[in-house]
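Okay, so here's the structure we're looking at.
The values are calculated or read from the model by the stated rules, or taken from the named source; none is laboratory data. Everything numeric here is computed off the predicted structure, so don't read it as measured data. Don't worry about glycine lacking a Cβ; one is built from the backbone with ideal geometry, like all the others, and counts go over all protein chains shown. Each accessible area value is taken on the protein alone, full model and side chains, heavy atoms only, with ligands, DNA and RNA left out. Shrake-Rupley method; radii C 1.70, N 1.55, O 1.52, S 1.80 Å.
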Amino acid sequence: MTNQYYEFFCPVKVIAGKAALEHIPYELTGLAAKRPMIVTDKGVRAAGLLDPVVAACEESGLEIISIYDDVPPDSSTDVVRDIAGIYRSEKCDSIIAVGGGSAIDTAKAVNILVSEGGDDIAAYSGAGVIKHPLKPFLVVPTTAGTGSEVTSVAVITDTTKSVKLPFTSSFLLPNAAVIDPRMTLTLPPHITAATAMDAMTHATEAFTCMAKNPLSDAYATAAVKKISTSLLQVMDNPKDSDGRLELAQASTMAGIAFSNSMVGLVHALGHATGAICHLPHGLCMSLYLPYVLEYNLESIRAPLGELLLYLEGPDVYSATPASRRAEASISALRKMRDELHKRCKLPRTLKETGSVEEHQLDTIADMAMDDGAMMFNPKEVSLDDARAVLKRAWA
Amino acid sequence: MLAKRIQPMVFQARRLYVELMFQVMGRALQAVSEIDSAVQKEARALPDGFLFEMMVMPDGSRLIVEHTGNGRFHYHGDSAPRPVDLSIQFKHIAHAFLVLSFQEKTSVAFANDRMLVDGDISYAIRMTRVLNRLETFILPKLVAKRAVKEYPSNLHLPEKLLSAARIYLKVATHFVETVRA
Ligand SMILES: [Fe+2]
């Protein structure tokens, strides 16, 4: 008997598809919430994405009490405190996050403050500090990539100490994730590509890293299949709302997969690169994915080979000898990156980004060694290994 | 009837084993940090006076070491002079036993949700690497391969230290034979 053991947890209700937004009033009423606050950012508002959300609520007689639309891309403890203040003075009783990773993380942190009390969000940092359910909370993602709508983590920058504070608790999970194709229809091509590659990386790492398990595997493979099938179609036809919905669902599924089985070296390198060179997270994922898979190859040959079925379909899978499937999976991902580069200039190497200098690679490697994602990489990564992968990803 | 009488003995043996292994690891951590440059390099990134704890929930045996500076660890036994900075907590003695009897790798135990980290995750990563390195020192190569993700190629330790640690280990594995079922 093996020692295999795993845990899988996802209590988030998923509300997905055409006219999903119109379910918000019903869901909130079911949670006894009558005075919702929307937390979002300027970009979402400018793209007109708030209108259908507000309209859907008002048509059902549910008034949105307050809208905070000034969440910055890198949210801070000050922002969280300000929003919590507005929530309290307006006597709100629930939160709807509309946006990408930053708006969602901010809303999670606000929910901690308004539920647990106080003004100092830093006091709740860490794992397992929060012991009670929080206020009713819905998430409407406007990008298809981060999967934050189904993760129990939030990261907020403490501006006074300039450190990133992590918050982990299953109570951070929203009551429901509302996935409506209208919300991602207007995403510009390079963001569509980068965020989809983030989701692809979540699924691939979930499926090949140490904490993989049968339930997360099912979500991961389904996500890989949806992204492989729909991403290039959507790139060629951005208004394809069926394709958009496929990508949004894939992102949620990949989020469920990785929040239960964690990620590895791609994310460790990506987090460091994001912090040092200020590159978008999804782009970092796309940059490193094939090089890390090559580095991990001999430890992940079997699962990576299996992914070929979902990346390229049954014909290619059955025509490829079992011993070559893992390499073929990497080629499929490289091919996808080439296609994305053709369509929106999504960089494939660090050099192509124009924002990274070669002398920064050692700093990136140093920082990646301390990243939490290192723990679950299937191969034990030494500093020299990390440097070697970065060198290969350079040009 | 018999099962009822045997079970408590197994439980007690397991508890003793975990306690003993914590002592072995605590002493070995201190010893290895005095001579091994790889461990020292990892440890230097920890603040001076940094207290690390490994314990069994809710209030079982524990191991406490302090980074006294310059990459050196000092073993404090099972009581800390002040609140610890990083605590790795096994959810149950059964899980601690799996890891400390080298039936489950430390990293796998993390992946399998067998233990929790209370403190800065980047320090936890560092301490996991230190523990991996330690296990390769005190275990025979065959067992060590099971306990860590990769067996390093650059082990240079005085045979004396190794054999001393392995004597502890022999006592320890005796428990495994007794308790394993
Ligand atoms: Fe990611």
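If you go through segment A:276-290 and keep only what is closer than 17 Å to residue A:194 by Cα, touching a residue at least 24 places away in the same chain (Cβ under 8 Å) and assigned to a helix (DSSP H, G or I), you end up with A:277, A:281, A:282, A:283, A:285, A:286, A:287, A:288, A:289, A:290. Assessment of segment A:282-299 against the conditions (surrounded by 22 or more Cβ atoms within 10 Å (Cβ to Cβ), more than 16 Å from the ligand (Cβ to nearest atom), over 22 Å from residue A:366 (Cβ atoms) and within 14 Å of chain B (Cβ to nearest Cβ)) yields no matching residue. The criterion of at least 1 residues that are within 16 Å of the ligand (Cβ to nearest atom) and within 14 Å of chain B (Cβ to nearest Cβ) is met, among strands (runs of 3 or more DSSP E) falling completely within segment A:135-181, by A:153-158, A:163-168. Can you spot a residue in segment B:97-111 that is over 30 Å from residue A:215 (Cβ atoms) and open to solvent by 20 Å² or more (accessible area, probe 1.4 Å)? No, because not a single residue in segment B:97-111 is over 30 Å from residue A:215 (Cβ atoms) and open to solvent by 20 Å² or more (accessible area, probe 1.4 Å).
Scan segment A:307-322 and tell me whether some residue there is within 30 Å of residue A:74 (Cα to Cα) and of a type in the set (Asp, Glu). No, segment A:307-322 contains no residue that is within 30 Å of residue A:74 (Cα to Cα) and of a type in the set (Asp, Glu). Checking A:129, A:114 one by one, the residue that is closer than 30 Å to residue A:272 by Cβ, outside the structural domain of residue A:252 (by TED's automatic domain parsing), touching a residue at least 24 places away in the same chain (Cβ under 8 Å) and of a type in the set (A, V, I, L, M, F, W, C) is A:129 and no other.
Quick one: residue A:153 ticks every box in (1) open to solvent by less than 50 Å² (accessible area, probe 1.4 Å); (2) in contact with a strand residue (DSSP E or B) (Cβ under 6 Å, 6 or more places away or on another chain) bar one, so which box is it? Going through (1) open to solvent by less than 50 Å² (accessible area, probe 1.4 Å); (2) in contact with a strand residue (DSSP E or B) (Cβ under 6 Å, 6 or more places away or on another chain) one by one, residue A:153 breaks only (1).
For residue B:33, indicate whether it is small (Gly, Ala, Ser), over 17 Å from residue B:117 (Cβ atoms) and crowded, with 20+ Cβ neighbours inside 10 Å.
Details: small (Gly, Ala, Ser): yes; over 17 Å from residue B:117 (Cβ atoms): yes; crowded, with 20+ Cβ neighbours inside 10 Å: yes.
Yes.
For a quick check of your reading of the model, give me the residue pairs whose first member lies in segment A:294-315 and is more than 23 Å from residue A:226 (Cβ to Cβ), whose second is part of a helix (DSSP H, G or I) and among the polar types (S, T, N, Q), with beta-carbon atoms closer than 7 Å and at least 6 apart or on different chains. Partner pairs satisfying both residue conditions: A:296/A:208. Scanning segment B:80-115 for residues that are facing chain A (nearest Cβ under 7 Å) and touching a residue at least 40 places away in the same chain (Cβ under 8 Å) yields a total of 2.
Just to verify a result, which residue in segment A:271-281, among those that are open to solvent by 10 Å² or more (accessible area, probe 1.4 Å) and either of a type in the set (Val, Ile, Thr) or within 11 Å of the ligand (Cβ to nearest atom) (or both), is farthest from residue A:212 (Cα to Cα)? Full working, then the answer.
Residues of segment A:271-281 that are open to solvent by 10 Å² or more (accessible area, probe 1.4 Å), as a first pass: A:271, A:274-281.
Then keep just the ones that are either of a type in the set (Val, Ile, Thr) or within 11 Å of the ligand (Cβ to nearest atom) (or both); that gives A:271, A:274, A:276, A:280-281.
On the way: A:271: 21, A:274: 25, A:276: 29, A:280: 26, A:281: 22 Å.
Restricting to residues being open to solvent by 10 Å² or more (accessible area, probe 1.4 Å) and either of a type in the set (Val, Ile, Thr) or within 11 Å of the ligand (Cβ to nearest atom) (or both), the top hit is A:276.
Select from segment B:123-147 the residues that are modelled with pLDDT of 85 or more and out of contact with any Ser or Thr (no Cβ under 7 Å at 6 or more places or on another chain) and write down the one among them that is surrounded by the most Cβ atoms within 10 Å (Cβ to Cβ). Break it down stepwise before answering.
If we filter segment B:123-147 for residues that are modelled with pLDDT of 85 or more, which is where we start, we get B:123-131.
After this cut, where a residue has to be out of contact with any Ser or Thr (no Cβ under 7 Å at 6 or more places or on another chain) as well, the list is B:123-127, B:129-130.
On the way: B:123: 19, B:124: 22, B:125: 22, B:126: 21, B:127: 24, B:129: 24, B:130: 26.
So the residue we want is B:130.
Which residues, counting only those in segment A:352-372, are within 10 Å of chain B (Cβ to nearest Cβ) and open to solvent by less than 10 Å² (accessible area, probe 1.4 Å)?
Residues satisfying the conditions do not exist here.
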